[in-house]
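The values are calculated or read from the model by the stated rules, or taken from the named source; none is laboratory data. Here the structure is a predicted model, which means the values were calculated and not measured. Quick reminder, even Gly has a Cβ in these numbers, built from the backbone with ideal geometry, and neighbours come from all protein chains shown. Areas reflect the complete protein model, heavy atoms only, side chains present, ligands, DNA and RNA absent. Shrake-Rupley method; radii C 1.70, N 1.55, O 1.52, S 1.80 Å.
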6 protein chains.
Amino acid sequence: MKPTLKSRPELAPLLAFGAHPDDIEFGCGGVIAQETRAGREVHFVICSRGEAGTHGKPAQRVAEAKKSAALLGATVEFVELDGDAHLEVRAAHAIKLAGIIRCVCPGIVLAPSLVENQHPDHARLGQIVRDACRLARYGGIKELRRAQSHAIEQLFYYAVTTEAEPMNITPVLVDVSAPDVLKAWTLAMEAHVSQISARNYVELQLTRARLRGLRAGGGHAIPLFPNDPLVLDSLAQVSRGARRF
Amino acid sequence: MKPTLKSRPELAPLLAFGAHPDDIEFGCGGVIAQETRAGREVHFVICSRGEAGTHGKPAQRVAEAKKSAALLGATVEFVELDGDAHLEVRAAHAIKLAGIIRCVCPGIVLAPSLVENQHPDHARLGQIVRDACRLARYGGIKELRRAQSHAIEQLFYYAVTTEAEPMNITPVLVDVSAPDVLKAWTLAMEAHVSQISARNYVELQLTRARLRGLRAGGGHAIPLFPNDPLVLDSLAQVSRGARRF
Amino acid sequence: MKPTLKSRPELAPLLAFGAHPDDIEFGCGGVIAQETRAGREVHFVICSRGEAGTHGKPAQRVAEAKKSAALLGATVEFVELDGDAHLEVRAAHAIKLAGIIRCVCPGIVLAPSLVENQHPDHARLGQIVRDACRLARYGGIKELRRAQSHAIEQLFYYAVTTEAEPMNITPVLVDVSAPDVLKAWTLAMEAHVSQISARNYVELQLTRARLRGLRAGGGHAIPLFPNDPLVLDSLAQVSRGARRF
Amino acid sequence: MKPTLKSRPELAPLLAFGAHPDDIEFGCGGVIAQETRAGREVHFVICSRGEAGTHGKPAQRVAEAKKSAALLGATVEFVELDGDAHLEVRAAHAIKLAGIIRCVCPGIVLAPSLVENQHPDHARLGQIVRDACRLARYGGIKELRRAQSHAIEQLFYYAVTTEAEPMNITPVLVDVSAPDVLKAWTLAMEAHVSQISARNYVELQLTRARLRGLRAGGGHAIPLFPNDPLVLDSLAQVSRGARRF
Amino acid sequence: MKPTLKSRPELAPLLAFGAHPDDIEFGCGGVIAQETRAGREVHFVICSRGEAGTHGKPAQRVAEAKKSAALLGATVEFVELDGDAHLEVRAAHAIKLAGIIRCVCPGIVLAPSLVENQHPDHARLGQIVRDACRLARYGGIKELRRAQSHAIEQLFYYAVTTEAEPMNITPVLVDVSAPDVLKAWTLAMEAHVSQISARNYVELQLTRARLRGLRAGGGHAIPLFPNDPLVLDSLAQVSRGARRF
Amino acid sequence: MKPTLKSRPELAPLLAFGAHPDDIEFGCGGVIAQETRAGREVHFVICSRGEAGTHGKPAQRVAEAKKSAALLGATVEFVELDGDAHLEVRAAHAIKLAGIIRCVCPGIVLAPSLVENQHPDHARLGQIVRDACRLARYGGIKELRRAQSHAIEQLFYYAVTTEAEPMNITPVLVDVSAPDVLKAWTLAMEAHVSQISARNYVELQLTRARLRGLRAGGGHAIPLFPNDPLVLDSLAQVSRGARRF
């Protein structure tokens, strides 16, 4: 874990959690590319080695994740919870991830969405991260006593598939149309060689982003779903809307 | 109607619609104060003279509205649709308001929310404005041929009461805690002398804003409800969240 | 219209609106029987003569409605809006019904539900009544100046079919299991001879009420859907719940 | 646990569950004061000693809870489940709480709401209590064989914060405007000295209640959210509605 | 209007309504191609000549619609309601369309979705068609006396854009992957030369269909949203599900 | 477990899961009768012996379930998870049920609905089965390595009570009006002698089915709730709708 400099609070580190080695990239890799390009530190925490998937051995998948994170300009660490396809919602997991949050001190946290009709590890990790963000603030949790309390600023959910997009939260759309961003994202997805050999995941994600981008006015865009209302000082912060078509 | 200078596109004029002379102020006057203080031009369009209310004659209410708008730094015009408590959803109304939109060329438009369990004029005006924003873009509408098409950037809804807050849209919260902003808002509400004599509308609005503000971290905040997803270039634009408590 | 004695405010008159001559009876006739038996005055306002239905001439249907209301202990009047199958949501209609509300001074108002996937007159009348209840309060509406403002206590929606039950409101269930109540309701439905000859409406309603009644603990029950939260002085007022099965 | 006299069934004991020593008071203390004043026995079951909070040692928090319950006229017991910030949804917990329900034989049960975006212990306890109310009825659960089956009448959820108010249930609002009730509630909240030193919880709750009270016609009101439809014998039981504004 | 042979009731004519000359094709042209290929008669009713659009004169748009319908194997007629961008929800419109339904005697009807955040003519036409399907059944509507009552079997909504897809109805996905179907659909969209010159509507629709198709197992698919539950004789009728990814 | 012949893929075996010995029959026994009559193999997996119920010893309940399954033409097996009223959502359970899915190779799977306000075992089993259907596809799960991956076609939920019907999924209604089907279903429910002695479950289910049947055009119908959109080759597959009343 590396030290974080909070000199520009609006650029406090971004911490992204994934249940499997490729979830973050497929779900919101373009956002990561956009943020690192803008100078924000990004750290990935991956909670299994993808050992239950049909394709790819754990060692290969870990290597793919590391390569992919590097392509996006992010650092990465692996955390062992219950193992791929075995994740359960346990208080101990939330406390463990809260410890990582206290260590990284992120402004923004990304987690897989809570929609239950997807890989069960995704929705469960989303719940665990949501709770972890809260527990990171509480001063009396014994297991966390060594690290200082930390209150994050925002928790956003990403969706690994269209079906995982929550219908009860209005998304924000992050424009990832810049050619270098789109390219970095595509390369990062393609780094998961073991996965894309079997299913056209890259096409799936680019099609999703294109559909959102068409609405946003052209290009590509990735939806993120805020857990809590955004607080604005001025409407000038949100001066673009997705109103084409 | 005054000319608008679009030199700083993120500060394109804000256009707010109200069904009655006090709706904008009670629903989102603090946001108006915040935006005019930041240098944005704000224009009010009020669609009745409040003649069906229990208190206040039309002439008095118009005068109150003008005074209130001035306190907030906004310009104001009155438009006659069907009259207070008589508003219906007609295509002709939407086209008329689309004409105003083409004239003012706003970036952001504010309208009363679509929630139906409130004064019927509120929800209906919300529908009319939503449609007007769309019609303002279409090139072939005869009644509008003299003015150039205009595509707004964002449509936000405001709620005049808690019950009028839509439950299916995640709000953004605009921080209105700055003392001068809060004061300007309060004075603007109090300018509606005829109304506040009968019911404690000012307390209602400040209580609402305080409750949102407590969640946002202290102070006061006003919720706005985006009609369409926000498009962001960077997550740095939304670096605060309402996560206290 | 008859005078109302408000000596027992909890027994202020109940005013029920129906779009067609049989809607109130089919949708909530058991509730009416229960309330009149308890001493409450009930008045029906029927907004068409059912002239667009497949069966029954207007004169016959009016006669059936009068007989049915009498069986339930209610008075009845007919109001002409746009005619059966022609109803539109107009401000003038809401103002007209607001005038009736000011005349009857009800505590509780019943209206057909707002669910749109039913006979269009039903949902539209529901909207008109909802707005009428609000307009009845406002002092400045010219057309209503002769009658004094009146604020009702509660607006409940009834559903003429299962599909018309709103899914976004928690219902209250009115127990109509008392033999005389159930019998009065059944007779009142059967009084609509022209309608029940063609379709098994009575079976439909008794089946609906039985299904709710089974949940409520036996017997029959009719759901009503409050437009606004109930205000309680004590939880003793709501000491039964529908928890069987 | 004290014996309960069910001579007036509408005043069967009320049983309230809290995840932490202050949850019941902050979420619905005014309701408790209202009910005990009306002669109903109220019993609190608190499922942790608040040991994970930032402020207050467990012993202090237990003492605060006891003092607070006494101020409200309620009895209190502590039950150990998984510990503060460690609660998980386990069948064994529901069975344990079902045993308490069988012992207390309540008519009404109160539990924290099921909304997940709050302290994880709150929503989980809500789930556990909901299940416990059901399991208390089943005759074949081995662990519960010593106590007789009991079917409660109503389960209501309370919300500790605005964000914890469920959006898919229509609330009932309990009027807590009586000066002695409001005072007892305020004192009971202030008894949690360790908590209110850090955050303005009391202001938060009174602001929430004031906002609801304004809608209900003045004063203060607390929302409760029924798990199941209310069953009424007469509409006279619900003769007030929240329709102001 | 041509005669319809109901020899194979499961192939009763399909009747599709569009607010503008290109709505049916963009929203569900692939479904039309699939159905005509299977031998079903399809008839289009278009309720304006698109005269308010930015591009294309009415005469040109009518010609494009006729060519497009022919490419899909459908017949087409134009009906004048209020004109493009001027449509209002009127009972007279529903009765007029009910007359067409009685004439065509369709099994299945297609209409634009009811989602309000789209071109206002779309949602309003959806409402009018929904009501028309119901009114077509009622025997007493004077304006319709010359034609025999007709009860349709199904009403499905199509969405012209992603944003117009209703979120409260589970869609059925119609597989349009067959090369000739996909080609016919594409050509039919491209026949609207005046429209596709300005915006990439064809890409929009193919991207939408590809995204649904990926979930459905490959190829392309178009969502339709049933107004009422489907009634099945056997689960064998629905033996494929959209479960890939 | 018996071998399955997939010669007619649209008649691949149906696999139904129940938490207790009578859940499948009460929730969707008529559908089972309909499917076995049409030649489809049906297999029941029951996840407890009902030992926590008020009535009936485990041995008796197992015998009742076997008799009931036989009456419906289904085979049955019992699986031990956590025991009646003790079920928890564990990854190990989903993996165990995924193993059964791989063995039976069903096209359609039935599970209790996910609605939480019912017997907790029901909703939890629904979640476990949903996840099991997904895990059955993944190639790398160690515990499942001996059986080949299997992708089911459809997952439908059934509801054991009206309250357990999900409100966010549009149901399909299976017509069970054929006299022999209705009779087989009734006999299968009555085979649970220990249960129906205490509560009128059979009346409850037949009332539910009658109410749905009335809407579907007469007779009886049972709602099933698809987990994922249905994929159709032709609208002729869904040529009936529930539009009566």
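Worth a mention:
- With its label point put 7 Å out from Cα toward Cβ, E:Lys67 sits 5.0, 6.5, 6.5, 7.3, 8.5 nm from the same residue's point in the other copies, in order from shortest.
- Relative counts (whole %) of C-alpha pair distances in the stretch B:191-233, using bins that are 10 Å wide: 25, 30, 33, 11, 2
- Sorted from nearest, the other copies put their B:Gly139 label points 5.3, 5.4, 5.4, 6.5, 7.9 nm away, the label point being 7 Å from Cα in the direction of Cβ.
- Rotation relating D and E, chain E residue nearest the axis via C-beta, angstrom: E:Asn168, 6
- Within the accessible area of chain B (1.4 Å probe), percent carbon and sulfur: 54 percent
- Probe 1.4 Å, accessible area per residue of the stretch B:40-114, Å²: 32 Å²
- Shielding of A:113-122 by partner chains, average beta-carbon count, 10 Å: 3
- For the stretch C:82-148 versus the stretch D:29-55, the gap between their alpha-carbon centres in whole angstrom: 44 Å
- Size of electric dipole in chain D: Cβ of Lys, Arg +1 and of Asp, Glu -1, about Cα centre, debye, nearest 20: 500 debye
- Estimated [θ] at 222 nm from DSSP helical runs (n ≥ 4, -39500 (n - 2.57)) normalised by residues in chain D, nearest 500: -12000 deg cm²/dmol
- Distant alpha-carbon pairs in the protein assembly as shown (separation over 53 angstrom), percent: 24 percent
- In Hz, Karplus ³J(HN,Hα) per residue of the stretch F:79-92 (6.51, -1.76, 1.60; θ = phi - 60°; x = Gly, Pro): 10, 9, 9, 9, x, 4, 6, 10, 5, 10, 7, 10, 4, 4
- Hydrodynamic radius (Kirkwood) for the stretch E:103-236, which is based on Cα pairs only, to one decimal in Å: 16.8 Å
- Chain-alone versus full-assembly comparison, the stretch B:38-79, residues with accessible loss of at least 30 Å² (1.4 Å probe): B:Ala52, B:Thr54
- For the stretch E:93-140, the Stokes-Einstein estimate of translational diffusion at 37 °C and a viscosity of 0.692 mPa s comes to 299 µm²/s, using the Kirkwood hydrodynamic radius over alpha-carbon pairs.
- In the structure shown, the pairs B:Lys57/B:Lys96; A:Lys183/F:Lys142; E:Lys66/E:Lys142; A:Lys57/F:Lys96; B:Lys57/C:Lys96; B:Lys96/E:Lys96 are assessed against 30 Å; a Cα-Cα span above that value is assigned to A:Lys183/F:Lys142; E:Lys66/E:Lys142.
- Summarising the amide proton neighbourhood of D:Leu230: residues at separation of 5 or more, or on other chains, whose placed amide H is nearer than 5 Å comprise C:Leu173.
- Cα centroids of the stretch D:182-245 and the stretch C:177-210: 41 Å apart.
- Amide H partners (placed H, <5 Å) of A:Val45, local residues excluded: A:Ala16, A:Phe17, A:Gly18, A:Glu77
- Karplus-derived HN-Hα couplings along the stretch A:208-218 (A = 6.51, B = -1.76, C = 1.60, θ = phi - 60°), whole Hz, x at Gly and Pro: 4, 5, 5, 4, 5, x, 4, 5, 7, x, x
- Nm distances between copies for A:Arg199, ranked from closest, using label points 7 Å along Cα→Cβ: 3.2, 3.9, 3.9, 4.5, 5.3
- HN-Hα J in Hz across the stretch B:156-167 - Karplus 6.51, -1.76, 1.60, θ = phi - 60°, x for Gly and Pro: 10, 9, 10, 10, 7, 9, 4, 5, 8, 6, x, 9
- Intensity falloff of the stretch A:1-155 expressed as log10 I(q)/I(0), Debye formula with alpha-carbon point scatterers, at q = 0.11, 0.14, 0.21 Å⁻¹: -0.39, -0.65, -1.42
- Accessible area that becomes buried as C packs against D, both chains, 1.4 Å probe, Å², nearest 100: 4200 Å²
- Once backbone amide H atoms are built at 1.01 Å from N, C:Asp84 has C:Arg49, C:Gly50, C:Glu51, C:Ala52 as its partners under 5 Å, excluding neighbours fewer than 5 places away on the same chain.
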